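The values are calculated or read from the model by the stated rules, or taken from the named source; none is laboratory data. Keep in mind that what you see is a predicted model, and the values were worked out from it rather than measured. Positions of Cβ are generated from backbone atoms using ideal geometry, with glycine treated the same way; all protein chains shown enter the neighbour counts. Remember, those area values only see protein heavy atoms, side chains included, never the ligands or the DNA or RNA. Shrake-Rupley method; radii C 1.70, N 1.55, O 1.52, S 1.80 Å.
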Amino acid sequence: LHREGREALEKGDLAAAHAAYTKALAENPGDDEAQTALHQVELLQRIEKLDIAGDVSRVESVLRAAAEAPVSDVEPHLTAADVEFSLNRPDAAFARLIEVVRATSGEDRDSARERLLAYFDILGPSEVVTQARKALTNALF
């Protein structure tokens, strides 16, 4: 299933990659490699839907919409965080979502927290992740 997922990714078939990694997790819920790959595929799917590849004005539009939205309006911030993370600005994505966690509760807070955890998984161990984990813990408690 991992090979199937990688081959699908190489072909640009995100739906097939998602299916393969989802099946791998269903068969082995402790498969950390499949979980990380699934997080990556899901990020790629969200970015693909935004249709921002090579479109600086579209990127700016997404980031502007988040800047103009209150922190409690979660969706624009989740979208902007995806863009920031995909542009290799994880620190900006982390800071944005930690502020959302601080300002929200319930499902909104859980959405931001879960997205952060997915980013942490994708990025792996690093100083920026360690610092963001501490900030997230402080925001939660």
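In Å and from the alpha-carbon atoms only, list the Rg and Dmax of region 37-125.
That works out to 12.2, 36 Å for Rg and Dmax.
What value, in deg cm²/dmol to 500, does the helix sum -39500 (n - 2.57) over DSSP H runs of n ≥ 4 give at 222 nm once divided by the residues of the chain?
Mean residue ellipticity at 222 nm (helix-derived): -26500 deg cm²/dmol.
Can you give me the % of accessible surface on the chain that is carbon or sulfur? Probe 1.4 Å, all protein chains present, nothing else counted.
Details: 3910 of 7990 Å².
C and S fraction of accessible area: 49 percent.
Apply 1/(1 + (r/R0)^6) to the Cβ-Cβ distance of His2 and Glu68, taking R0 = 30 Å, and write down the FRET efficiency to the nearest 0.05.
0.10
What FRET efficiency comes out for Ala95 versus Lys11 if R0 is 25 angstrom and r is the Cβ-Cβ distance? Round to the nearest 0.05.
0.10
Defining a contact as two alpha carbons under 8 Å apart and six or more residues distant in sequence, what relative contact order in percent does region 43-141 show?
Working: 84 pairs, mean separation 21.9, N = 99.
Once normalised by length, the contact order is 22 percent.
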